[in-house]
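The values are calculated or read from the model by the stated rules, or taken from the named source; none is laboratory data. A quick note: this is a predicted structure, and the numbers were derived from the prediction, not measured. For neighbour counting, all protein chains shown are included, and Cβ atoms are generated from backbone atoms with ideal geometry for every residue, glycine included. The area values use the complete protein model at the heavy-atom level, side chains included, leaving out ligands, DNA and RNA. Shrake-Rupley method; radii C 1.70, N 1.55, O 1.52, S 1.80 Å.
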Amino acid sequence: MFYSLKNSEILKIRNDIFLQNAFPILEQNGFVKSPFLDANFGRNYSNSQLYIYEMCRLENSNLEFLTTYISLRDRYIQIFLNIFHLSPIPKNISELENISGMKFYLPPNNQKEERLDIDMLKTIPLFSYRFWFENYKLKSFHTKFGFNMAIKKLKYLIERDMKNINFFVEKWRQFHKPNITDWEGNIIELNNP
């Protein structure tokens, strides 16, 4: 007999992995819950089958966003990174409270958003070990043992990469230059690539 779980149970497991294995590490690395007025942190109010966690940190004049999506529709924990150069430079991240951050997620700002596990590859995804074997997906299982191994591997990958989040920030910079925006995400200067 095959071991199986409902999709809602798998959703809860992935959400728990993010909250227990990624969130504390990101906090240690200076990320906080997004201070913006319209930020999400938890179950999405318009879609009960989706969790969204918006976190950010202020590094010098740069606002680094990490947005996590955990959906019932797939088995992934999708973590996206985007970076903006803010002008004027806030003294601390609390100055961004009660401001709408919606424009940071709309074009052209969202065009530099990169998914940590499968984007920013220097090769064709078909030839990438990371793309195939190190994505943040709860792999298929047919037994309880297989299920426990899939959870263990996902936890390991998430913890390893969140401890090394600065590596991904530097990698993002190899592909992009941050757009210069005001505190609400309005473009001051569009930098390409």
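Brief remarks on what is shown
- Residue in the range 23-31 that is assigned to a loop (DSSP other than H, G, I, E, B), in contact with a Cys (Cβ under 9 Å, 6 or more places away or on another chain) and not β-branched (Val, Ile, Thr) present: yes
- Residues located in the range 59-77, provided they are open to solvent by 40 Å² or more (accessible area, probe 1.4 Å) and either hydroxyl-bearing (Ser, Thr, Tyr) or part of a strand (DSSP E or B) (or both): Glu59, Tyr69, Tyr76
- Qualifying residue in the range 92-107 (condition: among the β-branched types (Val, Ile, Thr) and free of Cβ contacts under 8 Å to residues at least 40 places away in the same chain): no
- Sole residue being in a helix (DSSP H, G or I), polar (S, T, N, Q) and more than 17 Å from Leu154 (Cα to Cα), chosen from Ser8, Ser48: Ser8
- Qualifying residue in the range 6-24 (condition: touching a residue at least 24 places away in the same chain (Cβ under 8 Å), in contact with a Lys or Arg (Cβ under 7 Å, 6 or more places away or on another chain), under 29 Å from Asn192 (Cβ atoms) and open to solvent by less than 60 Å² (accessible area, probe 1.4 Å)): no
- Meets criteria (under 21 Å from Leu37 (Cβ atoms) and open to solvent by less than 10 Å² (accessible area, probe 1.4 Å)) for Leu106: no
- Inside the range 32-45, residues that are among the aliphatic types (A, V, I, L, M) and in a strand (DSSP E or B) make up a count of 1.
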